[in-house]
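The values are calculated or read from the model by the stated rules, or taken from the named source; none is laboratory data. In this text the structure is predicted, and so the values were computed from the model without any measurement. So basically every Cβ, Gly included, is an ideal-geometry build from the backbone, and we count neighbours across all protein chains shown.
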Amino acid sequence: MTAAHTDRPAVTPEEPVAEPAGRRLVTRLAATPEIGVIATVIVLFIVFSAASESFAGVSNLQTMGFDLAQYGILALGVSFVILTGGIDLSLGSVVALTAVVSAWLNARAELPAPAAIAVTLLLAAAIGVLHGVFVTRLGVPPFVTTLITLVAARGAALAITKGFPIDGVSETFTDLNAYRVLLIPVPTAIFIVCCVAAWVFLERTYAGRQLYAVGGNREAARLAGIRTERRIMLAYVVSALCAGLVGVLITSRLSVGQPGVGQGWELTAIAAAVIGGISLSGGAGRVVGVAFGAILLVVINTGLVILHVSPYYQQIVLGLVLAVAVTTDRIRSRRLARARRATP
Amino acid sequence: MTAAHTDRPAVTPEEPVAEPAGRRLVTRLAATPEIGVIATVIVLFIVFSAASESFAGVSNLQTMGFDLAQYGILALGVSFVILTGGIDLSLGSVVALTAVVSAWLNARAELPAPAAIAVTLLLAAAIGVLHGVFVTRLGVPPFVTTLITLVAARGAALAITKGFPIDGVSETFTDLNAYRVLLIPVPTAIFIVCCVAAWVFLERTYAGRQLYAVGGNREAARLAGIRTERRIMLAYVVSALCAGLVGVLITSRLSVGQPGVGQGWELTAIAAAVIGGISLSGGAGRVVGVAFGAILLVVINTGLVILHVSPYYQQIVLGLVLAVAVTTDRIRSRRLARARRATP
Amino acid sequence: MTGLHKAYGTTTVLDVPELVLHGGQIVALVGENGAGKSTLTGILSGIVRPDRGTVEVGPSTLRPGDPVHAQQLGVSLVAQEFPLFGQLSVAENLLLGRPPAGLFVDRSAQRRQARALLDRLGAAIGTDRMVETLTVPQQQLIEIAKALGREPRVLVLDEPTSALGPVESAAVLTAARELAAAGAVVVFIGHRLDEVREIAERVVVLRNGRLVADLTAAEATEQRLVRAMVGAELSDLVGEPATAATDRDAFTAAGLTAPGIGPVDLTLRAGEILGVAGLMGSGRSRLLHTVMGAIPRTGGTMTLGDRSYDPGSPADAAAAGVGLVPEDRKHQALLLDDSVRWNVSLAVLPTLSHRRYFLSPGRERTFAAGAAAAAGVKCESIEQPVRGLSGGNQQKIVFGRWFAARPRLLLLDEPTRGVDVGAKAGIYQLIEQAAADGMAVLVASSELEELMQLTHRIAVMSRGRLVRTFDRDQFSKEAVMTAATTGAPR
Amino acid sequence: SKSGGDGAGPAAAPPADLPGSITFNDDDLGKIAAEIKTQVAGKNLADVRVAMVINNPSAFWREGEAGLDNAAKELGVKAEFQGPQGGDLTRQLSILDTLRAQKVAGYTLSAVDPAAARAPVDAAISAGIDVVAIDSPLPGTREPVLYLGTPNFEAGQQAGEAMKKLLGGKGEVAILTGSLTATNATQRIAGFQKALEGSEIKVVQTLADDADPAKALSNAQTALQANPGLGGIYAVWSYVGPAVGQAVQAAGKAGKVFVVADDAEPKTVQFVKDGVIQAMILQRPYQQGYLGVYLLTALKVLGPEATNKIIEPYVTDNDGVRTLSSGIGLVTRSNLEQFQAGLTELGVPAQ
Ligand SMILES: Nc1ncnc2c1ncn2[C@@H]1O[C@H](COP(=O)(O)OP(=O)(O)OP(=O)(O)O)[C@@H](O)[C@H]1O
Ligand SMILES: Nc1ncnc2c1ncn2[C@@H]1O[C@H](COP(=O)(O)OP(=O)(O)OP(=O)(O)O)[C@@H](O)[C@H]1O
Ligand SMILES: [Mg+2]
Ligand SMILES: [Mg+2]
């Protein structure tokens, strides 16, 4: 009777039967959902390096490293929320608020840098918890919840500073930005660490897999005995913490607490995540994609400057590049799908 | 056998059994999902009018009318897209682009105002079609599709003007704004017309119903013989057209084509729609809610100015007001749900 | 279980003073659609919170409405709608609910355990496949394997075999028996009375939420069960099609091919009911989807009536007069959060509108009420969201939708999946009515008896092809099964 | 009915005691340019690459870009024009670092936030790249950076003085600005308030529109309704002037509510003609672009000493910052034509 099954075609296991290793690798690659964004990054990188020798130079790469740390960490954080099927629009404002608060604590309240940073991160976490409560307990849509914070947090940053940057941040604080670990700026290093941590959590821990489950089918997850509310709460806290971390890094980079910083970064971060393959309907997407999504945006932005594109034209060019990248990627994956269906 | 069926309790009409008309109205009201936002609007309006006699004054109401036209029309447009389960982030940028283009056509290319407006709206429609094609044919997520336009359209506006406002718009063009229909500014009147049109389409035409169906369960709609792609396409065209209309109204209001206009309005519009009860997962929500969602935002914004709230605190106050409004509304609807379950 | 009571709004859907289930026994729970079976089992497994009453499992009392606690007490449920995670692998779906063994996932162990569970059901499904790429039947198997994996003390199977072909059903029933033999309680909900009587040692009958009969297997004759369920005598189920098919060709497919199916040649005459049998994955659904234009066909020609028929989309098909009742009502047919009215009128909206574009609410309401009643839908009001309806009632709504559209060719994929005997007979009548009115009907089903009762001919599919067609006089379970299992290889 | 018509009537001319001035500091700066030109004559300038980094791609800087291009043509050096999209602070810092990586000879910088710009500027200087601050000074860098321009604070102060004269020293005013955080806005507002100190003029309302021209108009209209006794409005940022002018005109308060606006957008100019706006406060972005290139070229080719020798006579010291003022222009109805003639002469793109 089991025999009767095993010879049934429709349900043969995934892997196509023996195939030359070479071709297999290629097909495997073509099948990786993230391949599109990765390829784009590589292509653009080559193009830009060819166009200007300084592009691939250490100091320029380091500059890109700083930007990458900012957008990348935000993208990672928001990915957690998106995986649960939610969204976090508050990132940019939380960055501004935490940037200002950390500066204020350090410069005005004269807390030593580490203490100031710790307190700031606590504040960020608290914001995350608040989001979690609104979404899980009150059932307010994530979009609305975080939109309110988008307004309120920005407002708070403004109210604290009355619009003037907070100066007088201590050396130790700004050093966070000055140092390099084997040529890698500290913020970039932090970003890399975050990537690894996120990967381990999402791919290799039960909690991580459960996060996917919650995003994939919340009711089912509940019935399967998963503590969905905790997972969702966690996602929002992670997201807010990342924003707080970026806020701290910015203040250390600017050496002042600037309330105007981070305007619209939430969209950049979400864009990076989505371009990297995180599905906005939740439950699908991987860390690699997010990382490369962020890299892509940074590479394009720097490239435009390197190529002397007039600031009046940079945005439209950026838009066109993205359009081309996305379109080609879609066409690839559709080809793939068709090919799949063709082979029965 | 047939007997076995017909003696089943046949389908009963919806009206629940007799209930005192008064109580019935109340319960009906409490059950309307939009009641929360409507109530908030009324309360705030009373508060503000009490606080300052100029608030309810004709000329201030007219000013609010202009703002309402801007945000309201956008909110209506984006609601169509959200109902299909999509999102349109390009609104603000399309507003800027169309504002600039219409001015350019009228002032530089010296087209008569009506022609300029017509061509501009055509452009807007074209953008909508483009979105539709990306989403339906290429399967690019709406978020990404419209995010690209957000960047590109803004870029185009900047590239066309080099940041310069385009001056020399003709009288007839600006008159669009100057005239009043029984004290109601033309743009506000246009908004009202749009509301009615949207209501008729969504509630009273089968195409509108199919739009809801597509948002509710796209596969089911498809298998039920609905041309899902056309409906989705329609939604994006409507959304873009609304943005174009707003762009035209703004140029006529400012009497110059300003590339900087409309920054971040997509969020305001989406917020209005969502606060008004449009579900971001698609397939649910009504025009009344959207209209009042927009009114709410305009009332708060103007109120804060009228009450001389310090500009450094306005945003944070706005945030708090929204938070309170949303929370109380959620609590109401949960109470209601519980009450429903209680009555045997 | 004692004093259980559950009401939604004004209607009491369950009122069971006492029900005791003994270990080591398979108890069948039968009843019409909407009788309260899923509600009862839902309460038992903590998904549904009763208004009154308690559930004791062994010594301890179940915390009402707490599915996690229910699982801790060893109650595990195979629900009517399978709550699976499309984006996770089969293995993860099978094991995710388990209390984590430490912080990190041991994937190889996960694979091994998953494979073991699947083999118990003889399901050769790759453990790394993403569940959303699986078919409905396969998903049902996963769901069952998941429940078995919890080594439950109480196993509830809510229509486990409704989506399965004969072979798979057999495997599931064996597994259930083994579990019972090991001392667990197995509650089995089903509408196939023969199956019920084959497996159950005790049969409990619900009607309108009340316990109306509690019989031993011996007492439970088909007659008695049906009387108890329907509360009325049923003229024994339709023996054979009332009307003979005409000789006008209504639909023909020649060399029809599509991803994974064909070439398929078949001819349907007006008024004919053609059954499509086959094992799961044999291509029945895909054939229907292809005819409906939902899967782009790669070759061959089709004619509908006397015109050539080339649907680019289901919309074209619907316009040409073809309708499809899909097998997965939840994902392929229903707007769960919308009203019965919306769902019933979905396929005929244009015809309900006046001046080409505008809906007339009055007309729609009368139409919807009529269509719902005609399909024998049980609901408080046509404004009630369909999510609240029982599985069978939901199925009837989908059927009502298409039947009201009066297409020339009606495609039915598992049309009576999860539909009770009484309603089933009703749907059969509707189908025959359709045929009598000159519609051509193509019925894909995993229930051979159903096909043998209902159809004029049965076409057997295997590996995407039509391997053989039987006329009524040739009908025999054995022959059909052999054709299905040993279908002509590619 | 058609609104605003009532306001369009002939408005009160600005009080006689508000003379315009558009001499800026062009004579001195012109001398510097000439001197540099003669000294670098004959040197190979082909591979001198300089850049101008603005704080925000906006109309204001088109004049500066024209200056940049003219100077580059005259000297035959390569000059590029850079700025962060949407005036994003960190993007500007990245641009500065990118320029450093590209080893340009030097750049002029209008910092989004001077304090924040310190680090990258220090890095640039230690990498041998010359930096000249334009628009707003760069205090606190490791090596003092020459500042070419007019402090926004000073511009705001000028606006305040003008407003004082217009109101005769007492009344209610409102400030309408594009931003409450951007340095050039905060500085101007601070300067404006400084100028009003001691007078009986009080600022009853400050409104920001987050760089949104439409909101600027709504703000202006609401402000007029919220403050019936309003006597004057200071419009910070270029597009705010037209918005205010339009609101005032529509409210029929032209000449009753005095308006002082920054920058010379076409509409603003028009409103000055019509007497709706009484004064425009102008900086000299043209010179900041034009002389910027000359200074950077000199610093590169002639070296610091020589360059300093040339500019020394004209440099002033504003609390520690070596400053070459580009002057401030006050344009009223009296000197409008003259001003516009000047611009076209400089080859600034037609407005
Ligand atoms: N969430 C709900 N809201 C309102 N009514 C409900 C809800 N769930 C179930 N019902 C009603 O309770 C009754 C019993 O439903 P139940 O699903 O238990 O029937 P069933 O015996 O499982 O039928 P089937 O055999 O079709 O699955 C039905 O009439 C159904 O309409
Ligand atoms: N509408 C469809 N579009 C594309 N592929 C489909 C479709 N329906 C089914 N398939 C694929 O066909 C394969 C078999 O699926 P499924 O068993 O549901 O259809 P089937 O072969 O007709 O099975 P059955 O005969 O049990 O209906 C699966 O891989 C499934 O993904
Ligand atoms: Mg059921
Ligand atoms: Mg099937």
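Which residue is nearest to B:GLY282 (Cα to Cα), if the candidates are limited to region C:286-337 and must be among the acidic types (Asp, Glu) and within 21 Å of the chain's Cα centre (by Cα)?
Initial filter on region C:286-337 (among the acidic types (Asp, Glu)): C:306, C:310, C:316, C:327-328, C:337.
The next check asks that each one be within 21 Å of the chain's Cα centre (by Cα); those that pass are C:327-328, C:337.
Working: C:GLU327: 24, C:ASP328: 21, C:ASP337: 11 Å.
Out of the qualifying residues, it is C:ASP337.
Kindly state which strands (runs of 3 or more DSSP E) lie completely within region D:229-312 and contain at least 2 residues that are over 22 Å from D:ASN152 (Cβ atoms).
D:230-235
Need the failing condition index for C:ALA228 against (1) assigned to a helix (DSSP H, G or I); (2) within 30 Å of C:LEU84 (Cβ to Cβ); (3) within 16 Å of ligand 1 (Cβ to nearest atom), just the number.
(2)
Looking only at region C:259-282, count how many residues are within 16 Å of ligand 4 (Cβ to nearest atom) and not in a strand (DSSP E or B).
Qualifying residue count for the region: 6.
So, in region C:14-46, exactly how many residues are assigned to a strand (DSSP E or B), within 18 Å of C:ALA184 (Cα to Cα) and more than 13 Å from ligand 3 (Cβ to nearest atom)?
From region C:14-46, those assigned to a strand (DSSP E or B) are C:14-18, C:26-31; that's our starting set.
Subset that is within 18 Å of C:ALA184 (Cα to Cα): C:26-29.
Pick out the ones that are also more than 13 Å from ligand 3 (Cβ to nearest atom) and you get C:26-28.
Here the count works out to 3.
Quick check: anything in region C:125-136 assigned by TED's automatic domain parsing to the domain that holds C:LEU21, under 24 Å from the mean Cα position of the chain (by Cα), more than 16 Å from ligand 2 (Cβ to nearest atom) and on the phi < 0 side of the Ramachandran plot?
No, the conditions are met nowhere in region C:125-136.
Kindly list, by first and then second residue, each pair from a residue in region C:243-272 that is in contact (Cβ under 8 Å) with a residue 24 or more places away in the chain and farther than 12 Å from C:ALA440 by Cβ to a residue that is within 16 Å of ligand 3 (Cβ to nearest atom) and charged (D, E, K, R), limited to pairs with Cβ atoms under 9 Å and residues at least 6 apart or on different chains.
From region C:243-272, no pairs qualify.
If I filter region C:176-183 for residues that are touching a strand residue (DSSP E or B) at 6+ places or on another chain (Cβ under 9 Å), away from ligand 1 (no atom under 16 Å from the Cβ) and of a type in the set (D, E, K, R), do I get at least one hit? Working first, answer last.
Just the residues of region C:176-183 that are touching a strand residue (DSSP E or B) at 6+ places or on another chain (Cβ under 9 Å), to begin with: C:176-177, C:179-180.
Those still in the list that are away from ligand 1 (no atom under 16 Å from the Cβ) too: C:176-177, C:179-180.
Still in the running and of a type in the set (D, E, K, R): C:177.
Yes - at least one qualifying residue is present in region C:176-183.
So in region C:406-424, with the set limited to residues that are at pLDDT 85 or above and within 12 Å of chain B (Cβ to nearest Cβ), which one is farthest from ligand 4 (Cβ to nearest atom)?
Going residue by residue through region C:406-424, those that are at pLDDT 85 or above are C:406-415.
Next, only the ones that are within 12 Å of chain B (Cβ to nearest Cβ) stay: C:407, C:411, C:413.
Numbers: C:PRO407: 20, C:LEU411: 12, C:ASP413: 6 Å.
Looking at residues that are at pLDDT 85 or above and within 12 Å of chain B (Cβ to nearest Cβ), I get C:PRO407.
Mind telling me which of the residues C:ARG355, C:ARG341 ends up being away from ligand 2 (no atom under 16 Å from the Cβ) and without any contact (Cβ under 8 Å) to a residue 12 or more places away in the chain?
Working: C:ARG341 fails: without any contact (Cβ under 8 Å) to a residue 12 or more places away in the chain.
Selected residue: C:ARG355, the only one of C:ARG355, C:ARG341 that is away from ligand 2 (no atom under 16 Å from the Cβ) and without any contact (Cβ under 8 Å) to a residue 12 or more places away in the chain.
Residues checked against (1) modelled with pLDDT of 90 or more; (2) surrounded by 21 or more Cβ atoms within 10 Å (Cβ to Cβ); (3) facing another protein chain (nearest Cβ under 9 Å); (4) in contact with a Ser or Thr (Cβ under 6 Å, 6 or more places away or on another chain):
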site: B:GLY132; (1), (2), (3), (4): yes, yes, no, no
site: B:LEU150; (1), (2), (3), (4): yes, yes, yes, yes
site: B:LEU158; (1), (2), (3), (4): no, yes, yes, no
site: B:GLU171; (1), (2), (3), (4): no, no, no, no
site: B:LEU176; (1), (2), (3), (4): no, no, no, yes
site: B:ILE192; (1), (2), (3), (4): yes, no, no, no
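So in region C:156-192, with the set limited to residues that are among the charged types (D, E, K, R) and crowded, with 21+ Cβ neighbours inside 10 Å, which one is nearest to C:GLY283 (Cα to Cα)? If you could, list the steps in order and put the result at the bottom.
Taking region C:156-192 first, the residues among the charged types (D, E, K, R) are C:158-159, C:168, C:177-178, C:192.
Next, only the ones that are crowded, with 21+ Cβ neighbours inside 10 Å stay: C:158-159, C:168.
Details: C:ASP158: 26, C:GLU159: 23, C:GLU168: 16 Å.
For region C:156-192, the residue satisfying everything is C:GLU168.
Being more than 7 Å from chain B (Cβ to nearest Cβ), touching a strand residue (DSSP E or B) at 6+ places or on another chain (Cβ under 9 Å) and outside any loop (DSSP other than H, G, I, E, B) is the filter here, so list the residues in region C:318-341 that pass it.
C:ALA320, C:VAL322, C:GLY323, C:VAL325, C:SER339, C:VAL340
Among the residues of region D:296-310, is there at least one that is over 19 Å from D:GLN39 (Cβ atoms) and in contact (Cβ under 8 Å) with a residue 60 or more places away in the chain?
From region D:296-310, those over 19 Å from D:GLN39 (Cβ atoms) are none; that's our starting set.
Checking region D:296-310: not a single residue is over 19 Å from D:GLN39 (Cβ atoms) and in contact (Cβ under 8 Å) with a residue 60 or more places away in the chain.
Look at region B:291-313 and say how many of its residues are at the interface with another protein chain (Cβ under 7 Å from one of its Cβ atoms) and of a type outside the set (A, V, I, L, M, F, W, C). Walk me through it before giving the result.
Filtering region B:291-313 for residues at the interface with another protein chain (Cβ under 7 Å from one of its Cβ atoms) gives B:302, B:305-306, B:308, B:311-313.
Among the residues that remain, those that are also of a type outside the set (A, V, I, L, M, F, W, C) are: B:302, B:308, B:311-313.
Matching residues across region B:291-313 total 5.
Output the residue which, of all residues in region C:336-374 that are of a type in the set (A, V, I, L, M) and within 16 Å of ligand 1 (Cβ to nearest atom), is surrounded by the fewest Cβ atoms within 10 Å (Cβ to Cβ).
Within region C:336-374, the subset of a type in the set (A, V, I, L, M) is C:336, C:340, C:344, C:346-349, C:352, C:359, C:368-369, C:371-374.
Narrowing further to those that are within 16 Å of ligand 1 (Cβ to nearest atom): C:336, C:340, C:344, C:372-373.
On the way: C:LEU336: 20, C:VAL340: 27, C:VAL344: 30, C:ALA372: 27, C:ALA373: 18.
My answer is C:ALA373.
Determine whether region C:283-305 contains at least one residue that is in a loop (DSSP other than H, G, I, E, B), within 16 Å of ligand 3 (Cβ to nearest atom) and under 22 Å from C:LEU430 (Cβ atoms). Can you show your working first?
So the first thing to find is which residues in region C:283-305 are in a loop (DSSP other than H, G, I, E, B), and the list is C:283, C:292-298, C:305.
So of that shortlist, the ones also within 16 Å of ligand 3 (Cβ to nearest atom) come out as none.
No, region C:283-305 contains no residue that is in a loop (DSSP other than H, G, I, E, B), within 16 Å of ligand 3 (Cβ to nearest atom) and under 22 Å from C:LEU430 (Cβ atoms).
In region C:398-434, what residues are of a type in the set (Val, Ile, Thr) and either more than 16 Å from ligand 3 (Cβ to nearest atom) or surrounded by fewer than 24 Cβ atoms within 10 Å (Cβ to Cβ) (or both)? Walk me through how you get there before you give the answer.
Going through region C:398-434, the residues of a type in the set (Val, Ile, Thr) turn out to be C:398, C:416, C:419, C:421, C:427, C:431.
If the condition is that a residue be of a type in the set (Val, Ile, Thr) and either more than 16 Å from ligand 3 (Cβ to nearest atom) or surrounded by fewer than 24 Cβ atoms within 10 Å (Cβ to Cβ) (or both), then C:VAL421, C:ILE427, C:ILE431 are the ones that fit.
Just checking, does region C:53-61 include any residue being within 29 Å of C:GLU219 (Cβ to Cβ), assigned to a loop (DSSP other than H, G, I, E, B), more than 14 Å from chain A (Cβ to nearest Cβ) and at pLDDT 80 or above?
yes
Which one of these is among the polar types (S, T, N, Q) and within 16 Å of ligand 1 (Cβ to nearest atom): C:THR416, C:THR455? Explain how you work it out, then say what you get.
Numbers: C:THR455 fails: within 16 Å of ligand 1 (Cβ to nearest atom).
Of the residues listed, the single one that is among the polar types (S, T, N, Q) and within 16 Å of ligand 1 (Cβ to nearest atom) is C:THR416.
Can you pull out every residue in region A:39-83 that is closer than 16 Å to A:VAL193 by Cβ and in contact with a strand residue (DSSP E or B) (Cβ under 9 Å, 6 or more places away or on another chain)?
Those that are closer than 16 Å to A:VAL193 by Cβ and in contact with a strand residue (DSSP E or B) (Cβ under 9 Å, 6 or more places away or on another chain): A:GLY65, A:PHE66, A:ALA69.
Can you tell me which residue among C:ALA28, C:ALA7 is farther than 28 Å from C:GLU222 by Cα and either among the small types (Gly, Ala, Ser) or at pLDDT 80 or above (or both)? Break it down stepwise before answering.
Details: C:ALA28 fails: farther than 28 Å from C:GLU222 by Cα.
Of C:ALA28, C:ALA7, the one residue that is farther than 28 Å from C:GLU222 by Cα and either among the small types (Gly, Ala, Ser) or at pLDDT 80 or above (or both) is C:ALA7.
Regarding region C:426-437, can at least one residue be identified that is under 30 Å from C:THR161 (Cβ atoms), outside any helix (DSSP H, G or I) and within 10 Å of chain B (Cβ to nearest Cβ)? Even if it seems obvious, please write down each step before you answer.
Step one: of region C:426-437, the residues under 30 Å from C:THR161 (Cβ atoms) are C:426-435.
Keeping just the survivors that are outside any helix (DSSP H, G or I) gives none.
Checking region C:426-437: not a single residue is under 30 Å from C:THR161 (Cβ atoms), outside any helix (DSSP H, G or I) and within 10 Å of chain B (Cβ to nearest Cβ).
Take the residues in region C:366-382 that are more than 8 Å from chain B (Cβ to nearest Cβ) and outside any loop (DSSP other than H, G, I, E, B); name whichever of them is nearest to C:VAL419 (Cα to Cα). Please lay out each step first, then the result.
Narrowing region C:366-382 to residues more than 8 Å from chain B (Cβ to nearest Cβ): C:366-368, C:370-371, C:374-375.
Filter once more, keeping what is outside any loop (DSSP other than H, G, I, E, B): C:366-368, C:370-371, C:374.
Working: C:THR366: 25, C:PHE367: 23, C:ALA368: 21, C:GLY370: 20, C:ALA371: 18, C:ALA374: 15 Å.
Here the answer is C:ALA374.
Name every residue in region B:266-290 that is more than 11 Å from chain A (Cβ to nearest Cβ) and at positive phi, in order of residue number.
B:GLY283, B:GLY285
So the check is Cβ under 7 Å with 6+ separation or different chains; which pairs have a first residue in region A:174-196 that's in contact (Cβ under 8 Å) with a residue 60 or more places away in the chain and a second one that's aliphatic (A, V, I, L, M) and surrounded by fewer than 16 Cβ atoms within 10 Å (Cβ to Cβ)?
Close Cβ pairs (under 7 Å, with a partner that is aliphatic (A, V, I, L, M) and surrounded by fewer than 16 Cβ atoms within 10 Å (Cβ to Cβ)) amount to A:LEU183/A:VAL58.
Do we have C:GLY86 as closer than 20 Å to A:GLY283 by Cα, buried (at least 22 other Cβ atoms within 10 Å of the Cβ) and away from ligand 3 (no atom under 16 Å from the Cβ) here? Steps first, please.
Values: closer than 20 Å to A:GLY283 by Cα: yes; buried (at least 22 other Cβ atoms within 10 Å of the Cβ): no; away from ligand 3 (no atom under 16 Å from the Cβ): yes.
No; evaluated as a whole, the condition is false for this residue.
Do any residues in region B:237-261 that are closer than 17 Å to B:SER170 by Cβ have Cβ atoms under 6 Å from those of residues that are among the basic types (Lys, Arg), where the two are at least six apart or on different chains, and which pairs are they?
B:VAL256/D:LYS267
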